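Comments concern the structure below.
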2 protein chains.
Amino acid sequence: MGDKTRERVKRVATDIGFRPNALARGLLSKRSFTIGLLTNDTYGRFTLPVMAGVSEALVDHGVSVFLCAIEDDPALGQIHVEAMLDKQVDGIIATGKRMDRSLPVDLSNLSVPVVYAFTEGTPNSVIFRSDDAHGAALAVEWLQSIGRRWIVHVTGPKDFFSVRERADAYSIAAGECQQVLYGVWSESWGHEAVGLLWERAGDKPDALFCGNDQIARGTVDALRERGIKVPEDVSVIGFDNWEIVAAQTRPPLTTVDMELKELGRQAGLTVLALAEGRPVEPGVRKLPCRLVVRQSCGGEPSKE
Amino acid sequence: MGDKTRERVKRVATDIGFRPNALARGLLSKRSFTIGLLTNDTYGRFTLPVMAGVSEALVDHGVSVFLCAIEDDPALGQIHVEAMLDKQVDGIIATGKRMDRSLPVDLSNLSVPVVYAFTEGTPNSVIFRSDDAHGAALAVEWLQSIGRRWIVHVTGPKDFFSVRERADAYSIAAGECQQVLYGVWSESWGHEAVGLLWERAGDKPDALFCGNDQIARGTVDALRERGIKVPEDVSVIGFDNWEIVAAQTRPPLTTVDMELKELGRQAGLTVLALAEGRPVEPGVRKLPCRLVVRQSCGGEPSKE
DNA sequence: CTGAAAGCGCTTACAG
DNA sequence: CTGAAAGCGCTTACAG
């Protein structure tokens, strides 16, 4: 009962590697120290960085994350949500592959806090997203700063909200000479767009601002096949900073990074705050993008 | 106390959406219905399909999965393992990005079952991996079946076990004319290899069997730049079936799929079996690969 | 067959 | 300040 006994108990406890049962603790504290990450992004292109940020932010607080990939299947979504609720998750983060679509499952009346990241949320919820207008402006301004004057925007389908948002920001920044070509999110569309631009009469652009890295890669390949030098003759800039595409393009792509990991970090900290009852303002939070300078534009890779 | 009361209780229970607290159940049953997936594969190229398979296999059994990305950081690995143990996971699946390296964390004396999938395991553990020799044989035999005779193997670094395994299988199947070019896992190595092969004197190969889809893409692009037609003049086959690379190559790549999702499914079911005390034979289980026929080889896309 | 009690592994509030 | 009891939400084994 004395100090020595106390000491000995403590020592033995650590010696045999005693670890308290988190389930039993959770029963009392009403906290499971787990959260769920729900996504319909099968490829993981957007979800992986978000997940990395969430995990990084929460591991220090002892919380683990359930990853639930639900495709676009409402039934599967329902099953996963119920499984998470049964396991008493402290909160749920919903994430996806585009900002203007919601997951195929209703998260609006759950007993646990929900935060939306890179997917559409319900009114009055907490929503994190990238500031695509800012990203587009970064791209255009960079091209202008290295002397480009006739910048064409080759992008994805017009029904994407982020496509319209980027195109609008481009329009404001691009000046007098401007043109937007809408298409699909593929390399072949990039090819095709170069065909359209270079086979018509008149001046050719000296820069292409592409809606994603795949389109950018397509344009770079198409330009090379036409004997046009990137970046000497034409600068090309991408969007997404998807390593595997951006870094393997020849030359490697200068591109806009949406800072999804940081977005995940903030979503993680926010859901934790809500779980602990701390007040959080609802609303949309737009996170700034970051320009990643490689070699497809020319210019110094030292700006950032 | 009568049947009516019983009925009424049941009805009310479902009406108000009563769901038993899994934490409390776990306290009794010694089962948490959670497992942990530990990985050092940051890109998620291999982990995502494995994860999808694990999740798909286990969701029906009510088990959720903690995803823990530990990079190559032993300290982080330790933290995540302890967090999982605290949360009483029923088992752990370790996965990674190559078969001949182990995760930077010791899983050999845990109180819960461990299954290894696409990463090196400890002796006497249960290990799932793809049968790369089978995959290589599939590739070579397909090329031969469509009439190719002089097949060169352009692959990754020789210190990868899977590289040696595939090269050996290639050697056995390729017949008299054979050559292996070791390099790195990049498109530019594919380019370079085409340069080496086509700038030397003598006969040129009529087929390239590449060690991954990135190398294959590099060779296809390099061949096109030389005016050599794929698949008319040369067939190219990849490895990994990494959609984003294989499908966007022009022409889309015929490639070998390692069936990682199925590997994940089996790993999931196996760790569940172990958790339930069912007997499982230790040892390495090699899963067959599958040929995915697209257009980079020619031949009919109907075989499979 | 029904209903009350004991117990899973902890923590918290309360007597001594 | 120390130690025993009560209780988190369930399930299981045991009396009635």
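Couple of notes before you dig in:
- Of the residues in region A:33-53, at least one is in the same structural domain as A:Val89 (by TED's automatic domain parsing) and within 16 Å of DNA strand C (Cβ to nearest atom).
- Scanning region B:232-247 for residues that are out of contact with any Ser or Thr (no Cβ under 7 Å at 6 or more places or on another chain), assigned to a loop (DSSP other than H, G, I, E, B) and not hydrophobic (A, V, I, L, M, F, W, C) turns up B:Glu232, B:Asp233.
- Applying the criterion of being among the acidic types (Asp, Glu) and more than 13 Å from every other protein chain (Cβ to nearest Cβ) to the residues of region B:217-263, the residue that is surrounded by the most Cβ atoms within 10 Å (Cβ to Cβ) is B:Asp257.
Per-residue answers, yes or no, for (1) surrounded by fewer than 18 Cβ atoms within 10 Å (Cβ to Cβ); (2) more than 24 Å from the chain's Cα centre (by Cα):
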site	(1), (2)
B:Ser32	no, yes
B:Ile79	yes, yes
B:Gln88	no, yes
B:Ile92	no, no
B:Leu103	no, no
B:Leu107	no, no
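- Exactly one residue out of B:Ser130, B:Ser111, B:Ser102 is more than 9 Å from every other protein chain (Cβ to nearest Cβ), closer than 27 Å to B:Arg278 by Cβ and at pLDDT below 95, and it is B:Ser111.
- Against the conditions (1) touching a helix residue (DSSP H, G or I) at 6+ places or on another chain (Cβ under 8 Å); (2) within 15 Å of DNA strand C (Cβ to nearest atom); (3) without any contact (Cβ under 8 Å) to a residue 12 or more places away in the chain, B:Val59 satisfies every one except (2).
- Residues located in region A:30-41, provided they are outside any strand (DSSP E or B) and either touching a Pro at 6+ places or on another chain (Cβ under 9 Å) or more than 17 Å from A:Ala117 (Cβ to Cβ) (or both): A:Lys30, A:Arg31, A:Ser32, A:Phe33, A:Asn40
- Test: residue in region A:134-154 that is hydroxyl-bearing (Ser, Thr, Tyr) and buried (at least 21 other Cβ atoms within 10 Å of the Cβ): no
- Index of the failed condition, B:Ile70 passing every other in (1) at the interface with chain A (Cβ under 10 Å from one of its Cβ atoms); (2) in contact with a helix residue (DSSP H, G or I) (Cβ under 6 Å, 6 or more places away or on another chain); (3) under 21 Å from B:Leu28 (Cα atoms): (3)
- Of the strands (runs of 3 or more DSSP E) contained entirely in region A:62-181, those carrying at least 3 residues that are within 21 Å of A:Val271 (Cα to Cα) fall at A:64-69, A:92-95, A:114-117, A:126-130.
- When region A:182-197 is filtered for residues that are among the small types (Gly, Ala, Ser) and either over 20 Å from B:Pro252 (Cβ atoms) or part of a helix (DSSP H, G or I) (or both), the ones remaining, listed by number, are A:Ser188, A:Gly190, A:Ala193, A:Gly195.
- Hits in region B:11-29 (condition: of a type outside the set (S, T, N, Q) and either in a helix (DSSP H, G or I) or in contact (Cβ under 8 Å) with a residue 40 or more places away in the chain (or both)): B:Arg11, B:Val12, B:Ala13, B:Asp15, B:Ala22, B:Leu23, B:Ala24, B:Arg25, B:Gly26, B:Leu27, B:Leu28
- Verdict on A:Tyr170 being touching a Lys or Arg at 6+ places or on another chain (Cβ under 6 Å), modelled with pLDDT of 95 or more and assigned by TED's automatic domain parsing to the domain that holds A:Gly218: no
- Comparison of B:Arg285, B:Arg265 shows that the only residue that is of a type outside the set (Phe, Trp, Tyr), at pLDDT 95 or above, in a strand (DSSP E or B) and touching a helix residue (DSSP H, G or I) at 6+ places or on another chain (Cβ under 8 Å) is B:Arg285.
- All conditions but one from (1) under 21 Å from B:Arg294 (Cα atoms); (2) within 14 Å of another protein chain (Cβ to nearest Cβ); (3) at pLDDT 95 or above; (4) over 23 Å from the mean Cα position of the chain (by Cα) apply to B:Gln214; the one that does not is (4).
- Only one of A:Leu28, A:Leu76, A:Leu23 that is facing chain B (nearest Cβ under 7 Å) and farther than 24 Å from A:Met258 by Cα: A:Leu23
The values are calculated or read from the model by the stated rules, or taken from the named source; none is laboratory data. Bear in mind the structure is a predicted one, so any value in this text is a computation, not a measurement. Every residue, glycine as well, gets a Cβ built from its backbone with ideal geometry; the counts of neighbours run over all protein chains shown.
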